[in-house]
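One structure is given here, and the rest of the page talks about it.
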Amino acid sequence: MGEIHGGSPASGTRVGRLSALVRRAMARARTAAVPYRLGEIVIGDDPFNGRREGRVAVKKGTFVGLQIGDQMCFYDYRQLRRSD
């Protein structure tokens, strides 16, 4: 029977599967479900960018890019609300 030394993995395949599982879980956690669709009109309210109305053009993780005329402003999706 083989001896397992301290600091060495018990099984290479088991460690590989575990790291792949952790990597997939972290990727899912980083990409939150943004409740706004591309092309939807929303209002962004931020103390630095101000309150602006624009069309959702980009969704990247928790950030949403609003197309406002020829400008693009990025907001955290929690700072947005649907237009009335």
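The values are calculated or read from the model by the stated rules, or taken from the named source; none is laboratory data. Just so you know, these numbers come straight off a predicted model, no measurement behind them. Because the Cβ atoms are built from the backbone with ideal geometry, glycine has one as well, and the counts that use them run over all protein chains shown. Side chains are part of the model used for accessible areas, which takes the heavy atoms of the whole protein and leaves out ligands, DNA and RNA. Shrake-Rupley method; radii C 1.70, N 1.55, O 1.52, S 1.80 Å.
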**OP:** For R51, state whether it is closer than 27 Å to A27 by Cα and open to solvent by 40 Å² or more (accessible area, probe 1.4 Å).
**Re:** no
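Give the residues of the range 54-84 that are within 24 Å of A27 (Cβ to Cβ) and among the β-branched types (V, I, T), sorted by residue number.
V56, V58, T62, V64
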**OP:** Hey, can you tell me all the residues within the range 38-48 that are open to solvent by less than 50 Å² (accessible area, probe 1.4 Å) and either without any contact (Cβ under 8 Å) to a residue 24 or more places away in the chain or of a type in the set (A, V, I, L, M, F, W, C) (or both)?
**Re:** G39, V42, I43
Original post:
Within the range 54-84, which residues are surrounded by 14 or more Cβ atoms within 10 Å (Cβ to Cβ) and hydroxyl-bearing (S, T, Y)?
Top reply: T62, Y75, Y77
Original post:
Among (1) of a type in the set (A, V, I, L, M, F, W, C); (2) more than 18 Å from the chain's Cα centre (by Cα); (3) open to solvent by 30 Å² or more (accessible area, probe 1.4 Å), where does A33 come up short?
Top reply: (2)
